[in-house]
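The values are calculated or read from the model by the stated rules, or taken from the named source; none is laboratory data. On a predicted model such as this, the values are computed, not experimentally measured, just so you know. Here the Cβ positions follow ideal geometry from the backbone for every residue, glycine too, while neighbour counts run over all protein chains shown. Ligands, DNA and RNA are stripped out before the accessible areas are found, and what is left, the full protein with its side chains, is counted by its heavy atoms. Shrake-Rupley method; radii C 1.70, N 1.55, O 1.52, S 1.80 Å.
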Amino acid sequence: MDPSCSKAPAPVVKLPAYKLTSRLTHPQNSVISLGSCSIGGPEFIVMAGPCSVEADPQMLGTAWDVKVAGAHILRGGAFKPRSSPYSFQGLAEEGLKKLAQARELTGLAIVTEVMDSTDVDLVASYADVLQVGARNAQNFSLLKRLGQLNKPILLKRGLMNTVEEFLCSAEYILAGGNSQVVLCERGIRTFETSTRNTLDLSSILTIKEKSHLPVIVDPSHASGKAHYVAPLSKAALAVGADGLMIEVHCDPAKALCDGEESLNPEEFKELMLSLRDLAPHFGRRISTIEPAAPMLAENQ
Ligand code: PEP
Ligand code: MN
């Protein structure tokens, strides 16, 4: 008798609701390439910049500061999801133009939020990475639309989403054909009010266990306090995150949005120096990038 006939059938592995996002269907870590940097590889990636793009010279000044300190990607919101309709809503396309100008000056790729499906083409025509904010993490029509793009998407965890729901949101983008998704843990709503949100560092471990997608941490929105940003950033590196998103403003006291959680350029530079020293202890690195055009510093 053929011995293979007597073998028990292989057990059927039940896939989770987030099939393509699951490590079961894709055991290796996904690495998202973006120009000269890769998210999810050995380099610990830092995205930094102001909460909102403001009038000149804020954007170019801050862009240059984060570039010199060693950030890999420049952030800045042109479409802002504000709790109050009377708060600053962002500069819209004018803000996108300023971001594109900052990219030209610094060479940094730009990440910016898209809030509405009707703005996807406009935002995609400027941005290198499109961000989905926490409040839109379960806007399924927006996620489906982003699934049709061939551009990286930074998907933030919803304020009240479990890790499973978060991974299902990513699945909407992957299911549409776009596998370039980077996840972002930015704190969740809990009964605790001493910080703006509660940073769920354990979620990094769960996400790494369950998914192959890269995941970064946003300690600025998680804590709401500038002086908590450095310790939480180091904790994110230690726990195995692939990078950070940090709010930096050239003059936080004058920021139109989230100044209280924004680092000033000096604080950011100091944080980058200590992260660069710490990274090798956790199997990562932060390369030193020489600013390409020193004379641009005079443009601030
Ligand atoms: C942001 O990054 O600008 C932002 C609004 O963050 P979140 O969606 O996490 O609140
Ligand atoms: Mn903000």
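A few remarks follow.
- Given Lys208/Lys254; Lys151/Lys208; Lys98/Lys208; Lys7/Lys208; Lys19/Lys156; Lys67/Lys210, the pairs whose alpha carbons are separated by over 30 Å: Lys208/Lys254; Lys98/Lys208; Lys7/Lys208; Lys67/Lys210
- Accessible-area ranking of Asp56, Asp128, largest first, probe 1.4 Å: Asp56, Asp128
- Cα-centred dipole magnitude for the chain, charges only on beta-carbon of K, R (+1) and D, E (-1), debye, nearest 20: 900 debye
- Dipole magnitude of region 178-231, debye to nearest 20 (Cβ charges: Lys/Arg +1, Asp/Glu -1, about Cα centre): 80 debye
- With the simple spin-label model, which puts each label point 7 Å out from Cα in the Cβ direction, the Ser141 to Lys269 separation comes to 4.8 nm.
- Approximating the spin labels as points 7 Å out from Cα along Cα→Cβ, the Ser202-to-Ser33 distance works out to 3.8 nm.
- Phi-based couplings in Hz for region 113-128 (Karplus 6.51, -1.76, 1.60; Gly and Pro marked x): 7, 10, 9, 9, 3, 6, 9, 4, 5, 4, 5, 5, 6, 10, 7, 8
- Taking every DSSP bridge with both residues inside the chain, close to 15 percent are antiparallel.
- Ordering Ser223, Thr206, Val181 by Cα displacement along the dipole of the chain toward the positive end leaves Thr206 in first place; charges were set at the Cβ atoms of Lys, Arg (+1) and Asp, Glu (-1).
- Note on Thr25 and Leu159: the model spin-label points, each 7 Å out from Cα along the C-beta direction, lie 3.1 nm apart.
- Whole-angstrom gap from region 229-276 to region 78-118, using each part's C-alpha centre: 19 Å
- For the chain, built as a Gaussian network whose Cα springs stay under 10 Å, the top-fluctuating residue of Ser117, Ser22, Ser211: Ser117
- Taking trypsin sites (Lys or Arg not before Pro) across region 175-253, the ones in a DSSP loop with at most 14 further Cβ atoms lying within 10 angstrom of their Cβ are Arg189.
- Heavy-atom accessible area per residue - region 1-89, 1.4 Å, Å²: 50 Å²
- Residue among Asp200, Asp258, Asp277 with the largest mean-square fluctuation in a Gaussian network model of the chain, springs linking Cα atoms under 10 Å: Asp277
- DSSP-loop chymotrypsin sites (Phe, Trp or Tyr not before Pro) across region 38-117, with at most 11 other Cβ within 10 angstrom: Tyr86
- Net +/- balance of residues flanking Thr190 in space, Cβ distance below 14 Å, scoring K and R +1, D and E -1: +1
- Nearest-ten-degree value, helix 265-278 long axis tilted from longest Cα axis of the chain: 40 degrees
- Cβ-based net charge around Thr106, under 11 Å, with every Lys or Arg adding one and every Asp or Glu removing one: 0
- The angle separating the long axis of helix 58-69 from the principal Cα axis of greatest extent in the chain is about 60 degrees.
- Residue-averaged 222 nm ellipticity for the chain, from DSSP H runs of 4+ at -39500 (n - 2.57), nearest 500: -9000 deg cm²/dmol
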